[in-house]
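Student: One structure, pasted below without further comment.
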Amino acid sequence: MDISTSFRSFSYGIRYNRLGGIAAPASRDQFQAFVGQHGGDRYVKHFTCWNQLTVLMYAQLSGKTSLREIKVGWACWDSRLYHLGLTAVKRNTLAHANRVRSHEIFESLFCVLMRRCKAFAPEELELDIDCPLYALDATVINVCLSLFPWAKFRKQKGAFKIHTLFSVTDQIPTFLVITHGKVSDIRAAKANAGLHVLPKGSILTVDRGYVDYTFLHDLLQAQTTFVVRLKKNAQIVRLGAHAPPTGEGVLRDERIAFVLPDAIAAYPEDLRLVTFHDDEHDIIYEFLTNNFSVCSGGL
């Protein structure tokens, strides 16, 4: 939604109520407590952390991609900004605030809002399982290396990764970590406990980028079920059938073990391998899991 368009589309009395309403779930008093903890408004006379938050929300919702765009777009409503207790913002002022103020202020606010979102989240998906289901993955965001020198990715390209633990049951993210682009998915998962320490009995689904036998064994020890695609170069031995295949598209349901000494040392227990054929795309998938009780069709 273009916020600038919405400003023109509604009467004067409603225009800024919309942006103010978006900011309403963020408790001003609680936010100021976070600001005080990190000294965000120390020696500040005009452009406070709350002002900065409001401007950044405007920029995000209106699709602004540069400081100049934010400044020009914000200035268009200069005579009406008093509804939000704001005035026009200069590029240097916003850039300075973004550079020197602690990101932990906004991170703390995010965590508070995330907990509140659970109360407004859509009804839980009707799944054939009785335990919480999570998905762990990462996405790469390309950025300009000269503007974000910390976002190391390639020699002449910058990027950062957002590693996300998503609650499939609640349909909202549970945990987010931002790293530079060179950090591998499994390295970020290992370094941040919030990405893999889940309630006992949970199910975690991941892609092949997270196939690390030590990591998988840690999940086993934490009583977390994992479901991951088997790497093509994995050295395994098939110990025999676990159960007759059940469910449409299931080809095999087997018990397997690793062959290489390092793999055996990292994960000495047996695993279950379910082979599935996707008729629509004519692709065969092999799913590795430590759960031996769920039917193969359910996996």
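The values are calculated or read from the model by the stated rules, or taken from the named source; none is laboratory data. Quantities reported herein were computed from a predicted structural model and do not represent experimental measurements. Cβ: placed from backbone, ideal geometry, glycine included. Neighbour counts: every protein chain shown.
Student: Which condition from (1) farther than 27 Å from PHE215 by Cβ; (2) of a type in the set (A, V, I, L, M); (3) modelled with pLDDT of 85 or more is the one that ALA135 breaks?
Tutor: Going through the list (1) farther than 27 Å from PHE215 by Cβ; (2) of a type in the set (A, V, I, L, M); (3) modelled with pLDDT of 85 or more, ALA135 breaks only (1).
Student: Just to verify a result, which residue in the stretch 76-104, among those that are part of a loop (DSSP other than H, G, I, E, B) and touching a Lys or Arg at 6+ places or on another chain (Cβ under 7 Å), is nearest to TYR58 (Cα to Cα)?
Tutor: Within the stretch 76-104, the match that is nearest to TYR58 (Cα to Cα) is VAL89.
Student: Restricting attention to the stretch 39-75, and to residues there that are in a loop (DSSP other than H, G, I, E, B) and basic (Lys, Arg), which single residue is modelled with the highest pLDDT?
Tutor: Filtering the stretch 39-75 for residues that are in a loop (DSSP other than H, G, I, E, B) and basic (Lys, Arg), the one modelled with the highest pLDDT comes out as ARG42.
Student: Can you tell me which residue in the stretch 116-132 is modelled with the highest pLDDT, limited to those that are surrounded by 10 or more Cβ atoms within 10 Å (Cβ to Cβ) and in a helix (DSSP H, G or I)?
Tutor: ARG116
Student: Next question, about the same structure. Does the stretch 139-146 contain any residue that is at pLDDT below 85 and either out of contact with any strand residue (DSSP E or B) (no Cβ under 7 Å at 6 or more places or on another chain) or in a strand (DSSP E or B) (or both)?
Tutor: Yes, the stretch 139-146 has at least one match.
Student: Are any of the residues in the stretch 208-216 touching an Asp or Glu at 6+ places or on another chain (Cβ under 7 Å) and not assigned by TED's automatic domain parsing to the domain that holds SER66?
Tutor: For the stretch 208-216, residues touching an Asp or Glu at 6+ places or on another chain (Cβ under 7 Å) and not assigned by TED's automatic domain parsing to the domain that holds SER66: present.
Rundown of residues vs (1) more than 26 Å from HIS163 (Cβ to Cβ); (2) in contact with a Phe, Trp or Tyr (Cβ under 8 Å, 6 or more places away or on another chain); (3) not in a loop (DSSP other than H, G, I, E, B), yes/no style:
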{"position": "VAL197", "(1), (2), (3)": "no, no, no"}
{"position": "THR205", "(1), (2), (3)": "no, yes, yes"}
{"position": "PHE215", "(1), (2), (3)": "no, no, yes"}
{"position": "LEU299", "(1), (2), (3)": "no, yes, no"}
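Student: On to the next question. Taking interchain pairs and intrachain pairs at least six residues apart, which have beta carbon atoms under 9 angstrom, with the first residue in the stretch 72-97 and surrounded by fewer than 17 Cβ atoms within 10 Å (Cβ to Cβ) and the second part of a helix (DSSP H, G or I) and of a type in the set (D, E, K, R)?
Tutor: ARG80/ARG15; HIS83/ARG15; THR87/ASP78; ALA88/LYS71; ALA88/ASP78; LYS90/LYS71; ARG91/ARG68; ARG91/LYS71
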